[in-house]
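J.: Please read through the structure below; I'll follow up with questions.
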Amino acid sequence: MQGGPVTYKVVVRFEDHAIRGFAQASELGTVEQLLRNAPQHPLDSIRLTSPESGDVRDVHVRDAKAIFFVRTFDGDLNHRALHFHENAPVMEGLWVRVRFHDGEAIEGLISNTHDHVLGEGFFMMPTDPNGNNRLIYVLKSRLRDFNVLGIRKAPKIPVF
């Protein structure tokens, strides 16, 4: 059985409002392609289909603070973000905390490369396995603060 086209649930958050909709993976690429191509091809706009009306519009994201790839549009307002996870899978990268000009702070993992320094934005994998966010594209121009909290390396498999 074949499924339909892959779509992402996306919330583009600005300082004072948000736009949500469905984005086609055929236009954006897979998550792996997004992560690999972000430095060379920053997200300038994203085509979203409104979940309410079905209208399609191009959303220019240069003034956004971040683009959230989410599990649900509603989220969980009562969810308290966890910042340290003993049982979470270990992914390599830099563990960072970003704080936006509006005071919102988010922790996640970014690649340990020059991409977050040289690009206009960078992708961050949230560290909270129970949160609503699956992937976040952070626009650096909207950051007030950026802190590296640690370096995560995948465990080495012992040789017997």
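J.: Excluding ARG13 itself, what net charge comes from residues whose Cβ is under 10 Å from its Cβ, given Lys and Arg +1 and Asp and Glu -1?
T.: Numbers: positive: ARG20, LYS65, ARG142; negative: GLU15, ASP16, ASP102, GLU104.
Residues near ARG13 contribute -1 overall.
J.: What is the Å³ per residue value for the convex hull set by the Cα atoms of the stretch 100-154?
T.: Numbers: hull volume 5.0 nm³, N = 55.
Once divided by residue count, the hull of the stretch 100-154 is 91 Å³.
J.: Please give the contour-minus-distance gain from SER50 to LYS140: 0.36 nm per residue of separation, less the Cα-Cα distance, rounded to one decimal in nm. Before the final figure, lay out each step's value.
T.: Working: separation 90, 0.36 × 90 = 32.40 nm, distance 2.63 nm.
Between SER50 and LYS140, full extension yields 29.8 nm more.
J.: Around ASN112, with a cut-off of 13 angstrom between Cβ atoms, what is the net charge of the other residues, counting Lys and Arg +1 and Asp and Glu -1?
T.: 0
No value in this document is a laboratory result; all are computed from the given coordinates. Source: prediction; values computed, not measured. Using ideal geometry, Cβ is built from the backbone for each residue, glycine included, and neighbour counts are taken over all protein chains shown.
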